[in-house]
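Worksheet: one structure, shown below.
The values are calculated or read from the model by the stated rules, or taken from the named source; none is laboratory data. Remember, it's a predicted structure, so these values are computed and weren't measured experimentally. Every residue, glycine as well, gets a Cβ built from its backbone with ideal geometry; the counts of neighbours run over all protein chains shown. Side chains are part of the model used for accessible areas, which takes the heavy atoms of the whole protein and leaves out ligands, DNA and RNA. Shrake-Rupley method; radii C 1.70, N 1.55, O 1.52, S 1.80 Å.
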Amino acid sequence: MNNKKKVIFIYEGVKAEEKLLNNMNKIFFSSKTDISILNCPADGNIYMLWTRLKKDEFETNVVDVLKEMSTIAKERLKDLRASDFSEIYLFFDYDGHNNNIPKEYMNKDILGEMLRTFNNETELGKLYVSYPMIEAIKEIDAKTLDYKRLYLPLDEIPDYKQSLFSQSDFNHYSILDKEHWFIACNASQKRASLLAQFKEQCSYNYFIHNLDQEKLYAYQKQNYINNGHLLCILNSVPLFLLEYYGENLWNGVIVNAYEK
């Protein structure tokens, strides 16, 4: 009898996201006998998923909506129900120029509302947003444990992928190892701390209580989006790892890096 708990990762595309999350799954979850990860693309974006759930007044579960939205998800979820999953995590991109937002939401802070909706992994799911997109991990420099650029003008988001560095330590997602992920955890917590309090280092307690996804988005709006039409570059997938594995990972990765 298989007693492993099932966790589902939901994401936008079937290229970058799938490769990166498959690699993370292989390194951090495949050896854990109590966790079984299922990756499912939404074949769309967070706005489409959320508006469909909102239309049903959030009475429909995410798994059933995925089956309707994505042919790949329908196949992967063929013999599974929402009740089979103990945790749901969503990984999506910030997109200030999204054309899939219904007209009635165009002048509303829809991402803020979505972060309030998807704030619990044991209910509708927990959302992690990367700014401007998941490819931001290619900005990370292994030597400095930091991102190469601080911000991106909002009007440059459509061309962001083309602007990324050809010589990146994170160019090939499928061959990243645990050390790469530890570097990404350091860089992303440093960037999140800088975004919130203009300091590069914070405590684990501060991280857990002040750098959740909803608050990071609030800091993005306050310090960058509404104050310069900019976006602070940040990949939030490593932040998920730091939250999921807690203080043990924090002490082993973040604290040790600063003690060297």
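Near the amide H of GLY125, within less than 5 Å, lie the amide hydrogens of ASN119, ASN120, all on another chain or at least 5 residues away, with H placed in the peptide plane.
Taking amide H positions as modeled 1.01 Å from N, with prolines and chain starts lacking one, the residues under 5 Å from LEU230 and 5 or more places away or on another chain are LEU154, ILE225.
When the Cα positions of ALA187, SER83, TYR160 are compared along the charge dipole of the chain, ALA187 comes out farthest toward the positive end, with charges on each C-beta of Lys, Arg, Asp and Glu.
In a simple Cβ point-charge model (Lys, Arg +1; Asp, Glu -1; nothing else charged), the chain has a dipole of about 280 debye relative to its Cα centre.
Averaging the Cα positions of each part gives two centres, and for the range 122-175 and the range 1-45 these lie 19 Å apart. Within the range 145-159, whose backbone N sits under 19 Å from a point 7 Å along Cα→Cβ of ASP109? Under cut-off, by backbone N: 154. Taking a label point 7 Å from the Cα of ALA82 along the Cα→Cβ vector, which residues of the range 114-140 have an amide N closer than 11 Å to it? In the range 114-140, the label zone of ALA82 (backbone N under 11 Å from the point 7 Å along Cα→Cβ) covers 123-125.
Taking amide hydrogens as placed 1.01 Å from N in the peptide plane, the amide H of ASN39 sits under 5 Å from those of PHE9, each at least 5 positions away in sequence or on another chain. In the chain, taking the dipole from charged Cβ atoms about the Cα centre, the farthest positive-side position among PHE170, TYR217, ILE10 is held by PHE170.
Using R0 = 41 Å, the C-beta based FRET efficiency linking GLU68 and SER163 works out to 0.70.
Surface composition of the chain: carbon plus sulfur atoms contribute 46% of the solvent-accessible area (1.4 Å probe, protein chains only, all chains present). Pairs spanning more than 19 Å between alpha-carbon atoms, out of LYS5/LYS55; LYS19/LYS161; LYS5/LYS32; LYS108/LYS190: LYS5/LYS55; LYS108/LYS190. Bridging of LYS74 to aspartates and glutamates at a Cα separation below 12 Å is possible for ASP43, ASP64, once same-chain residues fewer than 8 apart are set aside. Could you check how many percent of all C-alpha pairs in the range 131-260 are farther apart than 24 Å? Of the Cα pairs, 25 percent sit more than 24 Å apart.
The packing ranking, built from the mean of other Cβ atoms within 10 Å per residue, places the peptides 191-197, 10-16 in the order 191-197, 10-16, highest first.
About its Cα centre, the dipole of the range 1-153 is roughly 400 debye, where the only charges are +1 on Lys and Arg Cβ and -1 on Asp and Glu Cβ. What you get for the range 159-260, charging only the Cβ of Lys and Arg (+1) and of Asp and Glu (-1), is a dipole of about 240 debye around the Cα centre. Apply the Debye scattering formula to the chain, with a single equal point scatterer on each alpha-carbon and no solvent, then give log10 I(q)/I(0) at q = 0.07 Å⁻¹. The computed values of log10 I(q)/I(0) come out as -0.23.
The HN-Hα couplings worked out from phi for the range 52-61 by the Karplus form 6.51 cos²θ - 1.76 cosθ + 1.60 (θ = phi - 60°) are 5, 5, 5, 4, 8, 6, 6, 8, 8, 7 Hz, whole numbers, x standing for Gly and Pro. Ligands, DNA and RNA are left out, and with a 1.4 angstrom probe the accessible area of the range 177-256 is 39 Å² per residue. With θ taken as phi - 60° and the Karplus curve 6.51 cos²θ - 1.76 cosθ + 1.60 applied, the whole-hertz 3J(HN,Hα) list for the range 211-216 is 10, 6, 4, 5, 6, 4 Hz, x standing for glycine and proline.
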